[in-house]
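Note sheet for the following structure.
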Amino acid sequence: MERISVFDMLKIGVGPSSSHTLGPWRAAERWINELKATNEFNNIISIQIDLYGSLSLTGKGHATDYAVLLGLSGADPEHVPVDNIQGIIDNIKNTNTLDFNGDRALIFNTEQIIFNKEFLEFHSNGLTFTGKTLDNRTITSTFYSIGGGFVIKEDDETAEETIDQLDFPFPIQRATELLHFCDTENKMISEIVLENEKTLRSEEEIDTQLLRIWKTMQECVYIGCHSEGFLPGGLNVRRRAFDLHQKLKKSFDYDTPENWMQSIRQTEVKFREILKWVDCYALAVNEVNAALGRIVTAPTNGSAGVIPSVLMYYLTIENHEAAFKEIKQFLLVAGEIGSLFKKNATISAAMGGCQAEIGVSSAMAAAALCELLGGNPAQVLIAAEIAMEHHLGLTCDPIGGLVQIPCIERNSMGAIKAINAAEMALDRDPAHVKVPLDKVIDTMWETAKDMNLKYKETSEGGLAISVNMADC
């Protein structure tokens, strides 16, 4: 059994992909740590990086090559100024020099990143770092990016961000166990999750981190709504959140994200406007993600817009009095639901298609919203089940390997489904439910294993071949 924290499921990073950008970035950092632990770091004189499977097939569009270079350069995805990223990459290309971990210069050409189409047996997202030493030895290390920024090696027992869960007061592997603890302890899901989190850090630290996650989400939505133009990558996709926001915001004045949210609360609340605001929030986040902006992996970068858009919906439309208490509650529930999918299925599109990204994020958001709206623990799990049930079989077929079409729009659809799932769950009697959450998680995993490989983030099927770059 794994102990997965809310902060494993909700990570601050850089777009456009958690498995293809954040994961390889973290893998590069981990390789450097391995070299230092074995006193080999200063012996390395040249480096080659081999990308395999989905990392190779969609790596260019997902900026995997950028991510590896940034990781090898010592940049931290959580803190590096996003405006500096292109400059770091350009400097490597123009000087043929890599500032290895910011410590020493190595001769490096971007052709030393090899895109191999074959798949490694262990996982679809494989990458190997090879270093040549002063005494002509070869040091290699292979990592696998398994979704959501999690990175493992084949001989790892668990992902590097997870540890043995023996000291969790409420060890949870399945939804039935979560519900059992809620019933026996007479607690809401968020309260159970909080007790587990308190074994890892103080409640003050939990609050500080959750607030930082929320502020990153809020800033991301704000930036996306106020950024005009076209997204990078060659598809010439025009940013839609800016234009939609201009139509929705009316004439209210504001000068901060907080004042902006207050102004939104004064706008119309007709059904169509509500739909458009949710669309706007989700589009905004994933346009920032597609432009290598800072986002919160929730649980992946490709699905990063669903949770903030549903939370923004609650804060700006549903409950104008809501504050950090509700934000904390929402994020705790969302993180726990995401961990159930991570433990029992997958959150990697390269393993399970887009059902593993948008489907999981929609389930997370639906559950979190349901609890905020007064749902009991059983209804919260029903909301997650409904949201995932109606994403089963969703393929991952990004055009041009870019996290843009259909990825950005899918976040809006996932958010709307989450809101509807929460409302449907609130009207359900748990005694009459036929499909429990554990069953739909198992079904999602079986569907993932049955899905044709070309629909698993390879850009070799679906829209990715029906609509090509030339058509755009």
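Worth pointing out:
- Proximity of backbone amide H atoms, modeled 1.01 Å from N, is registered between ILE114 and ILE49, ASP50, LEU51 at under 5 Å, excluding neighbours fewer than 5 places apart on the same chain.
- Projecting the Cα atoms of PRO257, LEU127, ILE49 onto the dipole axis of the chain, where Lys and Arg carry +1 and Asp and Glu carry -1 at the beta carbon, places PRO257 farthest toward the positive end.
- Candidate lysines - alpha carbon under 17 Å from LYS439, same-chain residues fewer than 8 apart omitted: LYS342, LYS343, LYS449
- When the Cα positions of GLY338, MET312, SER362 are compared along the charge dipole of the range 280-409, GLY338 comes out farthest toward the positive end, with charges on each C-beta of Lys, Arg, Asp and Glu.
- Net charge contributed by nearby residues that have their C-beta within less than 13 Å of MET413 (K/R +1, D/E -1): -1
- Listed peptides 364-370, 174-180 by packing density, highest first (mean Cβ within 10 Å): 364-370, 174-180
- Amide H contacts of VAL14 (H built 1.01 Å from N, under 5 Å, at least 5 apart or other chain): ILE295
- Taking the average, over residues, of other Cβ atoms within 10 Å as the packing measure, peptides 398-406, 34-42, 447-455, 219-227 rank 398-406, 219-227, 447-455, 34-42 from highest down.
- Centre-to-centre, using Cα atoms only, the range 295-367 and the range 97-132 are separated by 32 Å.
- Over the range 94-199, equivalent-ellipsoid semi-axes from the Cα gyration tensor in Å: 43, 16, 13
- Contact order normalised by residue count of the chain, Cα under 8 Å, 6+ apart, percent: 19
- For the range 1-139: rounded, prolate or oblate by the Cα gyration tensor [a/c cutoff 1.5]: rounded
- Averaged over residues, the count of other Cβ atoms within 10 Å places the peptides 378-386, 343-351 in the sequence 378-386, 343-351, highest first.
- Average projection, convex hull of the Cα set of the range 52-112: 4.4 square nanometres.
- Radius 9 Å from Cβ of SER54, net charge of other residues (Lys, Arg +1; Asp, Glu -1): 0
- Spatially close lysines, pair count over the range 15-152: Cα under 22 Å, gap of eight or more or interchain: 4
- Net +/- balance of residues flanking ARG294 in space, Cβ distance below 12 Å, scoring K and R +1, D and E -1: -1
- Cβ-placed point charges (K, R +1; D, E -1), dipole of the chain about Cα centre in debye, nearest 20: 1120
- Only one residue of THR58, ILE419, GLY229 has its Cα farthest out toward the positive end of the dipole of the chain, where Lys and Arg carry +1 and Asp and Glu -1 on Cβ, and that residue is GLY229.
- A simple spin-label model places pseudo-atoms 7 Å from Cα toward Cβ; at GLU205 and LYS247 they are separated by 4.7 nm.
- The GluC sites (Glu not before Pro) of the range 280-383 that meet both conditions, a loop assignment by DSSP and at most 13 other Cβ atoms within 10 Å of the site Cβ, are GLU321.
- Relative frequency of Cα-Cα separations exceeding 22 Å in the range 211-368, percent: 41
- Of all DSSP beta bridges in the chain, antiparallel share, percent nearest 5: 85
Bear in mind these aren't lab numbers, they're just calculated from the coordinates by the rules spelled out. Quick caveat, the model's predicted, so the values are computed rather than measured. Note: ideal-geometry Cβ built from the backbone for every residue, glycine included; neighbour counts use all protein chains shown.
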